[in-house]
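Report on the following structure.
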Amino acid sequence: MDPSTIPAPGSSERTRVRRISEKAVEDRGVVEAILDAGLVAHVGIVEESGQPYVVPVAYAREGDRLLFHGSTGSRLFRRLAEGAPTCVTVTLLDGLVLARSAFESSMNYRGVMALGTCTVLDGDERDDALRLISDHLLPGRWGDIRPPSRKEIAATLVLALPLDEVSAKVSDKMPEDDPQDVDRPVWGGVVPLRESFGEPVADERGSAYPVPAYLGSWTR
């Protein structure tokens, strides 16, 4: 899709941010940065019975679409492959906001919601998507590991969701206390939350080999 024709975040009736609309993001670059920083997406779907489910998945962004995969044996992923509507979210938690009341205490976060229907990827497009998902989750690892076998690929559904109906919200503020609470004698502020990778721990066979150099470039 031509980037100039992609709708702006929150521009559809379904994605317009109504609650705390000042946190809404209209910059598509911010949306893409959030998706590129996340590692887990939550995929929502309503089963034929009417029961909703939300499934966590590894994913990758490729241009204006989101790629993820699941088992061909999963009834939920089969529903997605058949074109059932879905809602996919990615959330990054950046800090806890400690206000002087329970009501005003909150979180700083960055989040994206995408609506739409998925398409099934096959052939080279499917193989490229599997590599992209691996590279997003485990950068540099694809060159060291065995690629998927025909049997493994046959057991895997690879899906693409277009990112043409999305919304995003970002909260990055200090506490906004009620006037009656500002003089309360208690500390207020923000406690940042940061993800980090720990030291690699080898399994029994891995201890015979050097730690891959690419692990040193992994940052959160």
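If you wrap the chain's Cα atoms in a convex hull and average its projection over all directions, what's the area in nm²?
The orientation-averaged projected area of the Cα hull of the chain comes to 16.7 nm².
Counting only alpha carbon atoms, the long axis of helix 123-137 and the longest principal axis of the chain meet at about 40°. Centre-to-centre, using Cα atoms only, segment 189-220 and segment 32-60 are separated by 25 Å. Most fluctuating residue of ASP124, ASP203, ASP94 in a GNM of the chain with Cα springs under 10 Å: which is it? Comparing ASP124, ASP203, ASP94 in the GNM, the peak value goes to ASP203.
Dividing the summed -39500 (n - 2.57) terms of all DSSP H runs of n ≥ 4 by the residue count of the chain sets its mean residue ellipticity at 222 nm at -5000 deg cm²/dmol. Taken about its Cα centre, segment 132-217 carries a charge dipole of roughly 660 debye when the Cβ of each Lys and Arg holds +1 and the Cβ of each Asp and Glu holds -1. Go ahead and run the numbers for FRET between VAL191 and TRP218, Cβ-Cβ distance against an R0 of 30 Å, rounding to 0.05. The value I calculate is 0.80.
The charge dipole of segment 70-220, taken about the Cα centre with unit charges on the Cβ atoms of Lys, Arg (+1) and Asp, Glu (-1), comes to about 520 debye, rounded to the nearest 20. When the convex hull of its Cα atoms is viewed from all sides, segment 23-132 shows a mean projected area of 8.8 nm².
Pick from GLY143, GLY198, GLY116: which residue has the top mean-square fluctuation in a GNM of the chain where Cα pairs under 10 Å get a spring? Result for the chain, Cα springs under 10 Å: GLY198 fluctuates most.
Could you sort 127-135, 150-158 so that the peptide with the highest average Cβ count within 10 Å comes first and the rest follow in order? Walk me through the numbers on the way to the answer.
On the way: 127-135: 17.1, 150-158: 13.6.
Put in order of decreasing packing, that is 127-135, 150-158.
Placing +1 on each Lys and Arg Cβ and -1 on each Asp and Glu Cβ, with no other charges, gives segment 13-123 a dipole about its Cα centre of roughly 280 debye.
A short reminder: the numbers here are calculations on the coordinates, not readings from a lab. A quick note: this is a predicted structure, and the numbers were derived from the prediction, not measured. Reconstructed Cβ throughout: ideal geometry from the backbone, glycine too, with neighbour counts over all protein chains shown.
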